[in-house]
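Asker: Take a look at the following structure, please.
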Amino acid sequence: MRQFFAFVIKEFYHVFRDPKSMLMLFGMPIMLILLFGFALSNEIKNSKIVICDFAQDPASQRIIDKIEASKNFEIKKFLFDPRQIEQAFKEGNVKLVVVIPNHFNDDLLHLHKAQIQVIADASDPNTANTLTNYITNIVMDYQQEITPFNDLPQQIKTEIRMIYNPELKGTTNFVPGVMALVLLLVCVLMTSVSIVKEKEKGTMEVLLVSPMHPLMVVISKAVPYLFLSIVNLSVILLLSVFLLKMPINGSIGLLFFESSLLILTALSLGLLISNSAQSQQQAMLISLMGMLIPVLLFTGFMFPLENMPLPLQIIANVVPSKWYYIIVKSIMIKGLGLSAIWKETLILLGMTVFLLSVSINKFKIRLG
């Protein structure tokens, strides 16, 4: 164990005496959190919604038919109990709920006005705003259809209520995304050069004659970056809460635990790259260029994943940042616990174990 701690202290020295590593480890995350203020938004297609049709009359059915015909929506299910609405949002698969009250058609015929409630998940404000606009346009289109056949215009008022992010702040969407982006890229980049650096500097022979088990050598390479990344995470959260006014509605301990899982996944991936690369330049190119585009595309905070073709949606499942993004939004914004994100947690844990085991086997082969 003393040998293991000696290796860990050695790795800490390597990090602290390299200004470039310190700038990359702490400077880039802070810069991205402060500057990454806007997320690109595209047209949203096939967004899963829920319909609560309490009226079940011809008018409500006509509106539902129009929603089904729209390419922007996919009706996931129909609910008839208002208490099920909150549960539908907590499951994480529904972006919007349309509530049609009782006597909808009668109100149109006799009072010449009716009301529809639209409840949107505003943890992603751009998506919520766009979806509510789509629904409003569908209702207005139906209203134009029925108005010419009546002496008095029939009015349908759409009541919109944003949950989780009523002020539609952009920080609610981009902070979890930037956290996933920064932690994954920085951790992969830092550890991707750790082992290949030993080979280039000619110190690999020290590891060859070391009495330590290859597992301990690999872990000792990752431990300093694990601690420094947790410090990095703390800085990001402090900036998010006090500077960007980002709420943390869930458990902070659970958030740190889940973040540590992503950090371990990223460190394991970086070690795998370092064991496979032949030079530091090659390792940095693979880790930076090879990870940046997939993380930006497949995390979900810049481009809605449901807009992508099915093959790309399947590929997104192997990107750790996608699952971490879901976890962070569930904890920080929705205030959910482990019971709501245990599937994503198991996926991250499985990725970590797989990547770490492959890295150790690669290192054993490299040592010969």
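Asker: What number goes with the only condition from (1) assigned to a strand (DSSP E or B); (2) open to solvent by less than 60 Å² (accessible area, probe 1.4 Å); (3) at pLDDT below 90 that Val99 does not pass?
Answerer: If we test Val99 against (1) assigned to a strand (DSSP E or B); (2) open to solvent by less than 60 Å² (accessible area, probe 1.4 Å); (3) at pLDDT below 90, just (3) comes out false.
Asker: Further question: Report whether or not Phe227 is outside any helix (DSSP H, G or I) and in contact with a Phe, Trp or Tyr (Cβ under 9 Å, 6 or more places away or on another chain).
Answerer: So Phe227 does not fit the description; no.
Asker: In the stretch 55-72, is there at least one residue being outside the structural domain of Met140 (by TED's automatic domain parsing), open to solvent by 40 Å² or more (accessible area, probe 1.4 Å) and in a helix (DSSP H, G or I)?
Answerer: no
Per-residue answers, yes or no, for (1) among the basic types (Lys, Arg); (2) open to solvent by less than 20 Å² (accessible area, probe 1.4 Å); (3) without any contact (Cβ under 8 Å) to a residue 40 or more places away in the chain; (4) out of contact with any Lys or Arg (no Cβ under 8 Å at 6 or more places or on another chain):
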{"residue": "Met291", "(1), (2), (3), (4)": "no, no, no, yes"}
{"residue": "Pro294", "(1), (2), (3), (4)": "no, no, yes, yes"}
{"residue": "Phe301", "(1), (2), (3), (4)": "no, yes, no, yes"}
{"residue": "Leu305", "(1), (2), (3), (4)": "no, no, yes, no"}
{"residue": "Leu310", "(1), (2), (3), (4)": "no, no, yes, yes"}
{"residue": "Ile326", "(1), (2), (3), (4)": "no, no, no, yes"}
{"residue": "Ile341", "(1), (2), (3), (4)": "no, yes, no, yes"}
{"residue": "Thr345", "(1), (2), (3), (4)": "no, yes, no, yes"}
{"residue": "Lys362", "(1), (2), (3), (4)": "yes, no, no, yes"}
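Asker: If you don't mind, another one. Here are the criteria: (1) open to solvent by less than 20 Å² (accessible area, probe 1.4 Å); (2) in contact with a Pro (Cβ under 8 Å, 6 or more places away or on another chain). Tell me which single one Val241 does not satisfy.
Answerer: Result: Val241 fails condition (1) only.
Asker: Another question, then. Of the residues Ile286, Ile248, which single one is at pLDDT 85 or above and either over 16 Å from the mean Cα position of the chain (by Cα) or surrounded by fewer than 24 Cβ atoms within 10 Å (Cβ to Cβ) (or both)?
Answerer: Just one listed residue meets the conditions, Ile248.
Asker: With respect to Thr136, is the statement that it is within 24 Å of the chain's Cα centre (by Cα), modelled with pLDDT of 80 or more and either assigned to a strand (DSSP E or B) or not acidic (Asp, Glu) (or both) true?
Answerer: no
The values are calculated or read from the model by the stated rules, or taken from the named source; none is laboratory data. This one's a predicted model, so the numbers in the text were calculated from it and none came from an experiment. Please note: Cβ atoms are built from the backbone with ideal geometry, for glycine as well, and neighbour counts cover all protein chains shown. Accessible surface areas use protein heavy atoms only, side chains included; no ligands, DNA or RNA. Shrake-Rupley method; radii C 1.70, N 1.55, O 1.52, S 1.80 Å.
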